Amino acid sequence: MKGEVKREAEWDAFVDITDVVCPMTFVKTKAAMEEIEAGRILKIKMNEGEPVENIPRSLKEEGHMVIGVERNNDGTFTILVKKGDL
């Protein structure tokens with residue numbers, strides 16, 4: 001997935017899942033999403049590979065909006081996702 005996280009975009013919560021592996025990456029992301037209110041933005045830092053391929057898709061399937069995905073200089077990715085009205 002290509003795109004850039006807007007630098008001026010604000011976020012309400014942050015989760016770093018670079019220290020966990022699938023399927024726990026999504027479990028930890030989903031738990032973080034549950035902690036914020038609808039319309040709020042979660043910033044997620046994750047490794048390349050399965051997490052960056054699967055988490056954005058899974059979040060969209062759950063009704064959230066992926067705002068952007070950015071590759072970081074350290075080989076990780078940052079994703080901003082807006083929580084949907086569930």
Problem set entry | Integer Hz, Karplus 6.51/-1.76/1.60 couplings in order for the stretch 64-81, x for Gly and Pro | 9, 10, 7, 7, x, 10, 10, 7, 8, 5, 9, x, 9, 10, 10, 10, 10, 9
Problem set entry | Structure-derived Kirkwood radius over Cα pairs in Å: which label, when the choices are [x] 12.6; [y] 13.2; [z] 14.6 | [x]
Exercise. Just how much of Lys82 is accessible, in Å², when a 1.4 Å probe is used and the result is rounded to the nearest 10?
Worked result: 80 Å²
For this session: Can you work out the accessible area per residue across the stretch 6-66, with the rest of the protein chains kept in place, probe 1.4 Å, in square angstrom?
Result: 63 Å²
Seminar exercise, completed: Summing -39500 (n - 2.57) over every DSSP H run of at least 4 in the chain, dividing by its residue total and rounding to the nearest 500, the 222 nm mean residue ellipticity is -8000 deg cm²/dmol
For this session: Mind putting a number on the dipole of the chain about its Cα centre? Charges go on the C-beta only, +1 for Lys and Arg and -1 for Asp and Glu, and I need it in Debye to the nearest 20.
Result: 180 debye
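The values are calculated or read from the model by the stated rules, or taken from the named source; none is laboratory data. For clarity, every value in this text was computed on a predicted model and none was experimentally measured. Counting neighbours? That spans all protein chains shown, and the Cβs are built from the backbone with ideal geometry, glycine included. For the accessible areas, the whole protein counts, side chains as well, though only heavy atoms, and no ligand, DNA or RNA atoms are used. Shrake-Rupley method; radii C 1.70, N 1.55, O 1.52, S 1.80 Å.
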